[in-house]
Amino acid sequence: DWLYEQFHALGRTQATIALEQGVTHHTIRKWIRKHNLQATPDRGSFQRGSTPWNSGKTYRTGPRPLSEKAREAIRRSRMGAASNLWRGGVSTEREAIGRWTTQVAAKVHEHNGWTCQLCHQRAGELHCHHIIPVWADAGQSRDLSNLTTLCGNCHRAIAGKELDYVERLGGPPVRTEWQKRPRVAWNKITVAKLVRVDSFEYLGEQETFDLEVEGPFHNFIANGIVTHNSVNEESGRYSIMREEFHEPQWEDVGFQSKDNKQGRSAEPVPAEMVERFLGFLKQDRETAYAHYEQFLQDNVAREIARMVLPVSVYTQFYWQMNLHNLFHFLRLRLDPHAQKEIRDLAQQVAICTQAVAPAAWEAFEEYKLHGKSFSRTELALLRRLLQGEPLPADAFEGSKSLLREFEAKIGLSAAELNVSATEPESGDSMEGAA
């Protein structure tokens, strides 16, 4: 009532009402429409309760007559580079005939009453059939009188025997012979077939490179880069992130490792510190998600609102890669030095991979996961070591070679080799390594 009085009785504009009420004119327009308070005829529209100008009018759909100028414009739009089907080449005559037949098929079917001319039945699947085949007489390939209607079953039944049905379909007698031509796939692509893998051979290591991006925003845009490349990740720019977070187990909370900048040490953390950490974690994520929801309600862009969410928020992604890259990932992430959480994920991925590609997994375990690689120099030193020959004093100088582990196992101390001593695994020995 108030809006009707303002808009109709007082004749005020939407912009004026919006300015006084502190809202946009779009808001006023929305409520005018909501309460059916459209403008009066003298203001450009119709009065409340009046009959629309097009009430009761009907429309007839169907083909409209085209002028020759319009037909020529359509023909030009379907030719060459102007056509959306253009692939940078010229269609063959056979392809052109097929396209023309498709275009006139409706006219042929309508002339025949949408009825098969062999079985005289109506069917949902109809084909526009050349009475005299194109291969028998190409000169009649674009003759409308040479076209008829066949249902799907009849069309398939006469395939390869077209000449036997020419006269039955109303065509003149034809005397010609079928010349078999090699069939070429329409896309000229060889169809892939599955083959059984017999064995795998180790071909050595290949170099790979990590991409490192400098700048203050690389962490913020990282998931956008991942989304459009190797992993199709659920993006917070398009969807609203769910209130699901990762909470570490009590025993997973550890101190920073002294010899590994990326890991945690095995030193136990006091119980009160773990409890305080998990409490702060829960409090912070609940507060962060509440702020996130508030920003969304305030119509802040999703790609900006997600900035308040902590790194522990769960995400979903679809992962597509070949076995080469997958095994490279697993070799790195199944390593005992990898982060515990991502190692747990890698173990689950490994179970799926082993089930899908058992032969490839066996080769991966043999050559990559539990195998070691040596350089030419390392192989020479290892050969001398296994033969009991003395090694030069500078054999390990400046090297991080795997031979340090072998040398340590046969008696030299860690101080002599300037490396950290490692306990051999159960059942491991120099003879076993050899």
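Just a few scattered comments:
- When residues of region 223-252 are limited to those that are closer than 21 Å to Lys340 by Cβ and open to solvent by 50 Å² or more (accessible area, probe 1.4 Å), the one modelled with the lowest pLDDT: Trp250
- Enumerated helices (runs of 4 or more DSSP H) restricted to region 311-396, each holding at least 2 residues that are closer than 30 Å to Phe245 by Cα: 323-333, 340-356
- Hey, Ile97 farther than 29 Å from Gln140 by Cα, modelled with pLDDT of 85 or more and surrounded by 13 or more Cβ atoms within 10 Å (Cβ to Cβ) or not: no
- One residue from His35, His111 being modelled with pLDDT of 85 or more, over 30 Å from Asn153 (Cα atoms) and of a type outside the set (A, V, I, L, M, F, W, C): His35
- For region 11-22, the candidate set comprises residues that are open to solvent by 60 Å² or more (accessible area, probe 1.4 Å) and either of a type in the set (A, V, I, L, M, F, W, C) or outside any helix (DSSP H, G or I) (or both); within that set, the residue that is nearest to Asp1 (Cα to Cα) is Thr13.
- Selection from region 291-310 of residues that are of a type in the set (Val, Ile, Thr) and in contact with a His (Cβ under 9 Å, 6 or more places away or on another chain): Val308
- Selection from region 341-386 of residues that are aromatic (Phe, Trp, Tyr) and over 19 Å from Asp198 (Cβ atoms): Phe374
- Test: Phe406 is outside any loop (DSSP other than H, G, I, E, B), open to solvent by less than 60 Å² (accessible area, probe 1.4 Å) and modelled with pLDDT of 65 or more: no
- Enumeration of residues in region 370-392 that are exposed (fewer than 15 other Cβ atoms within 10 Å of the Cβ), among the hydrophobic types (A, V, I, L, M, F, W, C) and under 29 Å from Arg333 (Cβ atoms): Phe374, Leu379
- The conditions of being at pLDDT below 75 and open to solvent by less than 80 Å² (accessible area, probe 1.4 Å) are not met by Phe255.
- Every pair of residues 6+ apart whose Cβ atoms lie under 9 Å, when the first sits in region 106-130 and is surrounded by fewer than 13 Cβ atoms within 10 Å (Cβ to Cβ) while the second is of a type in the set (Gly, Ala, Ser) and not in a loop (DSSP other than H, G, I, E, B): Gly124/Gly152; Glu125/Gly152
- Condition met for Thr40 (surrounded by 12 or more Cβ atoms within 10 Å (Cβ to Cβ) and at pLDDT 85 or above): no
- Residues of region 285-337 that are in contact (Cβ under 8 Å) with a residue 24 or more places away in the chain, touching a helix residue (DSSP H, G or I) at 6+ places or on another chain (Cβ under 6 Å) and under 30 Å from Phe200 (Cβ atoms): Leu323, Phe327, Leu330, Arg331, Leu334.
The values are calculated or read from the model by the stated rules, or taken from the named source; none is laboratory data. Keep in mind it's a predicted model, so treat the numbers as computed, not measured. Neighbour counts run over all protein chains shown; Cβ positions are idealised from the backbone, glycine included. Surface accessibility is based on the protein's heavy atoms, side chains included, excluding ligands, DNA and RNA. Shrake-Rupley method; radii C 1.70, N 1.55, O 1.52, S 1.80 Å.
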